[in-house]
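The structure appears below as structure tokens.
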Amino acid sequence: MKHFVTALFAVLLSLPALAQTTFSIRGRVLDKVTGETLPGATVQVSGNGQNTGSGADADGGYKIPNLPAGTYTVQASFIGYKPLTQTVKITTQSVVATFTLNSDNASLEEVTVVAAQAQERSTPVAFSAVNEVKLRETLSNRDLPMILNETPGVYATQGGGGTGDSRINVRGFDQRNVAVLINGVPVNDMETGQVYWSNWDLGDVTKSLQVQRGLSAAKISVPSVGGSINVLTRGFDDKKAALARVETGSNNYFKSSLMLSTGQMKGDWAVTVFGSRRRQDGWVDKTFDDAWTYFGNISKRIGHHSFSLTALGSPQSHGQRTFASRVGIYSNEKAAELGAIPIANGNLGFRYNPNWGVLNRYTLDGNGQRQYKGEEVVNERVNYYNKPQISLNHVWNASDKLFISTVLYGSRGEGGGSGTAGSSGTLPVNTATQQQDFQRVFDNNFANVKANGERLSSQYLVNSVNSHRWYGFITGADYLLTPQLTLSAGLDGRSYYGLHYREIRDLLGGTYTTSTADRNANPNTLLREGDKIGYNYDGKTQWLGGYGQLEYKTPLLSAVLSGTVSQIRYKRIDYFQPKLIGQAGNFDWNDHVVKPADKFLETEWADFTGYSVKAGANYNFTEHDNLFANIGYNSKVPFFNSVYDPSGIRYRDVKNEGISSFEVGYGINYPGLKATLNAYYTYWSNKSSNSTGRDPDGNLVYNNVRNVDARHVGVELAVAQEISRSLQLNAAISIGDWRWAGKGLLTQVNESNQVVGDNLDVPIYLSGVHVGDAAQNQFQLGLRYEPVRGLYVRPSFLLFTKYYAGFDPLSLREQVSSFDSYRVPTSRNLDLHLGYDLPNRFFNDKVKLGVKGSLLNVLNEFYITDVPARSGVNYTNPGLLEAFYNRGRTFTVGLSATL
């Protein structure tokens, strides 16, 4: 009886399992590096007589039901990632299988070329990645660099507040010294190293955004000191899709966009096209934005060859706020908090922009009475530019051991920025409004009638044109020497021709002006609107570089040894300066005579050789723990504008900049937890930098500092954790100590490219002074919460501290004055992003609708983001502090339809 009861009890317990004859496999598909979900990933199940599959939903979840007990092979795949396979055994209950996918360089070869993407637990560098999902959910209407504030070691701001005027620092190095590549093509300006984000509205077509800090994995010789930013756009591997999106928001923001992708068609063709239109008033006064964006990619595979032709660009114009203002202008309450001097006519709000005014133009009728044309807003500072870029990529899998990739590219940039010029200093200000008094300028110019009956303008608007013609190629080969050892080598060639001049934009009531800047012209020449004035020169840059790399790779150990060498040549052609006898070397104008037969100054080629060596290794202790380290030295060629002075003469004692770097890091990698802790040391010798400021009269001046050293050390931590299926956390912490060392040389010039006073090669003393213009400490915390399927909420909190104001090098001309500038108060910001993908049951399966929104600066707090250097002022205290503040609370909402 006892055995019968036991057997009966066991049968009763097994009845539910016996009654359930089919089961399910469910789980999620995630990005292994970031922990972000991968909506749209494909999960395929085979085995036990079954062959079925499912697509991941909006939060990366999938479920494959109605499977009998047995053993199955489950594979998860997603565009741009390596497929991952698991063996799953079902016995008496359903099974959960989660997949974390690694990005797949091979599937993106058509666009990555030789600009290597770092790989987790393999590449020995510190890096952070932002995938397409996070970009779509959190970028909002911001410039692309702003999303990178959620990665350690990065400080990005919106500068003066104009769209596209953002700037980014990595480990305290500004974006001139951070290599930015789009689809493997470098985009840093060849003469200055700058990146103008207004030229690249790529958020909608970016598939992956990776920041490599320190010694980057890029094989080509690029000016990377702080690190590199690799932007990969859509290409061959995109599936068939159509996406339409409309967005609106604060300050009359409106954007519409359409993208069409054929996916892989018959004959191995693929086509993706994208276009968008964006307009807004701008949060800062009169920083309007008017932009188009276009992108197209045509790809074709022929046997072992892949070809990809990409064209992209973003013609735009936008208003700018170029100069920071005294704190009291924005808010005397903030001035009191900081100890700054209050402003009598201040409290104009944080939207205040001094770079505009109103004007009512007029003419005189036959009776000498004014005939007004109506009031208009005049923007002193407007940026306008179009930089289309075309690239042709070729990838050839020549054999199982040899892989060759080549890209040919070209861009033709046209445009510039506007400002004021003339003999009367800065524009007058209307004391009642604190805006520029264009009416007074117009009245003065109109009344300034000369003997010839024409009106002479003493103040007027100009355009500073900076166009270019840029062509280049990058070719590289990887050869598998052994199953573990790969040899890589390649060439990087570039030709750049920059056209730089200032032209008269608006004479503001006058009919002509005069200038003595053109020493090859009659100084009495009457200059009209459209004529060149101030300066007119071309810059030529020729670049040829090569690289070599050995990479050893096993499941436990990966090691890299690489080197680059570059020959760079500069030439300057100045059409406003006469040619001199004995052009080689350094000149004094008074020591030479003009050769009448040769009208303009063309320098000899200035030749520089740069090189770099890097070594690194990564060791995987277990499948969850790894240790990496790297060391390197970069002999960096100075930028063009650090070689020549404004008169076209070479500076004395220009040296290559030397950057020594060492880094060590430790990583933890579990399905639900990823963390990286790393420390770095970088020493930069013979550093050159350029900044803008104003003299005591308010006139714009340019500072060039050369041959100074800097030391940057710090610790960084990045964490991504999946707390539960519906809740993920990400955090970033970086703590730095960046200081100048030794002394340097300063040269200061005005907007007419003339040396200011005796400020030519002036010694400055910086030793021990903290590096300014970027926050040295950063703390970030973000969550992604999904209370119901398809609905996400993403708050992100960001804190920056230890930001030192920019300083005027003129104030450090004595060793006793070598001390820190003002330390700006800590900044705090909270953003909120949310969205909802409507369930398919409301529509047919072919159409997916989604809504999303972003609320930036939720708490509407105001804090200082930038303190540019001002000539004549050393910000050792906040008394005369001039700063830019952040934008106030803004929102965007959008609706998208996907086929």
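Computed from the coordinates by the stated procedures, all read-outs in this text should not be read as laboratory data. These numbers come from a predicted model, not from an experiment. Reconstructed Cβ throughout: ideal geometry from the backbone, glycine too, with neighbour counts over all protein chains shown.
For this structure, a couple of remarks:
- Peptide packing for 771-779, 475-483 was compared via the average number of neighbouring C-beta atoms within 10 Å per residue; ordered from the highest value, the list is 771-779, 475-483.
- Working note: 222 nm ellipticity from helices only, DSSP H runs with n ≥ 4, each -39,500 (n - 2.57), summed and divided by the residues of the chain, gives -1500 deg cm²/dmol to the nearest 500.
- Of Lys134/Lys239; Lys571/Lys655; Lys655/Lys802; Lys286/Lys852, those spanning more than 21 Å from alpha-carbon to alpha-carbon: Lys655/Lys802; Lys286/Lys852
- As a proxy for reagent exposure, Asp281, Asp709 were ordered by neighbouring Cβ count within 10 angstrom, fewest first; the result is Asp281, Asp709.
- For the chain, a/c is not less than 1.5, where a ≥ b ≥ c are the root eigenvalues of the C-alpha gyration tensor, and a/b tops b/c. That puts it in the prolate class.
- Going from the fewest other Cβ atoms within 10 Å to the most, the residues Glu333, Glu150 appear in the order Glu333, Glu150.
- Whole-Hz ³J(HN,Hα) from phi, Karplus 6.51 cos²θ - 1.76 cosθ + 1.60, for the stretch 340-353, glycine and proline x: 7, 6, x, 10, 4, 9, x, 6, 8, x, 7, 7, 4, 9
- With Cα atoms, 0 to 90° folded angle of helix 2-19 axis to the chain main axis: 40 degrees
- Were the residues from Arg823 through Phe662 laid out at 0.36 nm apart, the gain over their Cα-Cα distance would be 55.2 nm.
- Amide H contacts for Asp531 (H built 1.01 Å from N in the peptide plane; partners 5 or more residues away or on another chain; cut-off under 5 Å): Ile504.
- In terms of other Cβ atoms within 10 Å, His318, His305 run from fewest to most in the order His305, His318.
- Within the chain: Cβ-based charge dipole about Cα centre, in debye rounded to nearest 20 (Lys, Arg +1; Asp, Glu -1): 1780 debye
- Modelled FRET efficiency - R0 51 Å, Lys401 with Leu849, Cβ distances, 0.05 increments: 0.55
- Computed from backbone phi, the HN-Hα couplings of the stretch 124-133 come to x, 9, 7, 8, 9, 10, 10, 8, 4, 5 Hz, rounded to whole numbers (Karplus: 6.51 cos²θ - 1.76 cosθ + 1.60, θ = phi - 60°; Gly and Pro given as x).
- Spin-label model distance (nm) - Glu454 vs Gln86, 7 Å beyond Cα toward Cβ: 8.0 nm
- DSSP assigns beta bridges within the chain; of those with both partners inside it, close to 95 percent run antiparallel.
- ³J(HN,Hα) computed for each position of the stretch 743-749 - Karplus, 6.51 cos²θ - 1.76 cosθ + 1.60, integer Hz, glycine/proline x: 10, x, 10, 10, 10, 10, 10
- Spatially, the stretch 129-197 and the stretch 539-565 are offset by 24 Å when compared through their Cα centroids.
- Distance from the Cα centroid of the stretch 237-306 to that of the stretch 656-674 is 34 Å (rounded to whole angstrom).
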